[in-house]
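S.K.: Sharing a structure below in structure tokens format, with a few things to ask.
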Amino acid sequence: MKDLYGGTYLNELKRQLDSAQKEGLFTRDVTAERLANQSAIDSVEIPPKQIGEDEWEEVELNNPADAVNSTRGILSLVIDGEQELSLSGVNLSNYISGRNCNRGRGLLGREEKGAVDELIFNEYLLKKCGCYTDPKESGALEYQIEYILEGKSNDIENLKAVVNKLLLIRETANVIYLFSDSAKMAEAEALAIAVTSAVAMPELSELVKISLLFAWAYAESVYDVRSLLQGGRIPLLKTGETWHYSLSGMLDFASDTAVEEGTEGAGLSYGDYLRVFLAIEGEREKTFRAMDIIEMDVRKCPGNSYFRLDTCVDYIEATVYTGSRYGFSHEITRSYYYY
């Protein structure tokens, strides 16, 4: 794998990962921020409106962000309706991560792994395993990378979990961009003032503006993930040129199924985002699930339906002694093992 990809490629992968970490894409909790802002809105009591001498009417805050937020978690928003999803599933207790394993002495003289070795392992997984955009139809699971990341027993649940991760990382990136774009901030503020003026609660305008920005970022994230799943590319951090939805377009995003032509250009592909997720996945979980995939694949081969990694020999050492009638002798020791 080192010979195949070379140092320049691996350095570029590390640069992308460092950029994502620097921007806080893995650590910033935009969900908590959004919920805290919504809680602050909900805690404000809007006074009823008098419609007669002794008649009063409850007034609702018609915040457009509410319609957007009500769609969260719906997989069909990002999956192409014409794409047939894999229904494959397995019993995880049959594989190495879910059963009690035989144990040996382990490898002798193993070298410590570094950051580059971890990247190389991830590239090996991406090269050998299937995913949603390039499924391994001969496998027990077709979305194998998604399984390595999530560990669910079927393809659909693994895809859902990865899509949710994608939506979250895209939403975080889009929130970062929106809060840095003064023109878009001004648009959200103008709409927030209009919404809160309608209920005579101008003091809510700042909170409503923030809720609109979060909703706008989420709508854009749905578009981003839909594009990625259809083979497009989305930059890690957007600019005004790569932004898709207008504020008014955000309101109709749930019925929008189109992906603009040209998304195959600059940016990261679905596989690239999987690469980022593999880089931050826990080593133990990733390794064991990768071994599960190995067992699944090998068991598909004729004569190997009971293959188990924990009953394979990974290290063997032998000493051979030879002698002759003339008094000469020689002893050699050889060891062989799999990394």
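S.K.: Which of L85, T319, G52 sits farthest toward the positive end of the charge dipole of the chain, with +1 on the Cβ of Lys and Arg and -1 on the Cβ of Asp and Glu?
M.R.: T319
S.K.: Counting only residues 5 or more places away or on other chains, whose amide H sits under 5 Å from the amide H of V59 once H atoms are built in the peptide plane?
M.R.: Residues meeting the amide H criterion: K49.
S.K.: Now for a separate question. Once the mean 1/r over all distinct Cα pairs of segment 2-311 is inverted, what Kirkwood radius in angstroms do you read off?
M.R.: Mean inverse Cα-Cα distance, inverted, gives 22.1 Å.
S.K.: Helix 205-229 versus the longest principal axis of the chain: what angle, 0 to 90°, nearest 10, using Cα atoms?
M.R.: 40
S.K.: Could I ask something else about it? Once the Cα atoms of helix 283-299 and of the chain are each reduced to a long axis, what angle between those two axes, in degrees from 0 to 90 to the nearest 10, is obtained?
M.R.: Value to nearest ten degrees: 60.
S.K.: Project the alpha carbons of segment 122-173 onto their principal axes and report the range along each, largest first, in whole Å.
M.R.: If we take the Cα atoms of segment 122-173, the spans are 35, 23, 17 Å.
S.K.: For the chain, with the dipole built from +1 on Lys and Arg beta-carbon atoms and -1 on Asp and Glu ones, taken about the Cα centre, which of Y132, I96, V276 lies farthest toward the positive end?
M.R.: In the chain, that residue is I96.
S.K.: Where does the chain land at 222 nm, in deg cm²/dmol rounded to the nearest 500, when only DSSP H runs of n ≥ 4 count, each adding -39500 (n - 2.57), divided by all residues?
M.R.: After summing the helix terms and dividing by residue count, I get -15000 deg cm²/dmol.
S.K.: About its Cα centre, what dipole magnitude does the chain give when the only charges are +1 on Lys and Arg Cβ and -1 on Asp and Glu Cβ, stated in debye to the nearest 20?
M.R.: It comes to approximately 2460 debye.
S.K.: Further question on the same structure: In the neighborhood of S246, defined by Cβ-to-Cβ distances under 11 Å, what is the net charge if each Lys or Arg adds +1 and each Asp or Glu adds -1?
M.R.: In short, -2.
S.K.: Once phi is turned into θ = phi - 60°, what whole-Hz ³J(HN,Hα) does the Karplus curve with 6.51, -1.76 and 1.60 give for every residue of segment 169-181, x standing for Gly and Pro?
M.R.: So the J values, rounded to whole Hz, are 5, 5, 5, 4, 4, 6, 5, 4, 5, 4, 6, 9, 9.
S.K.: Of the listed peptides 94-102, 225-233, 209-217, what is their order by residue-averaged count of other C-beta atoms within 10 Å, with the highest listed first?
M.R.: 209-217, 225-233, 94-102
S.K.: Separate question: Measure nothing but the geometry: give the 0 to 90° angle between the long axis through the Cα atoms of 115-128 and the longest principal axis through the Cα atoms of the chain, rounded to 10°.
M.R.: Compared with the principal axis, the helix lies near 90 degrees.
S.K.: Please name whichever of Y245, Q16, A115 sits farthest to the positive end of the charge dipole of the chain, dipole taken about the Cα centre and charges placed at Cβ: Lys and Arg +1, Asp and Glu -1.
M.R.: A115
S.K.: Next up: Filter K14/K136; K49/K160; K128/K160 down to the pairs with a C-alpha to C-alpha distance above 32 Å, please.
M.R.: Flagged as over cut-off: K49/K160.
Here, each number is a calculation from the coordinates, and none is a lab measurement. Since we're looking at a predicted model, the values are computed, not measured. Glycine also receives a Cβ, built like all others from the backbone with ideal geometry; neighbour counts cover every protein chain displayed.
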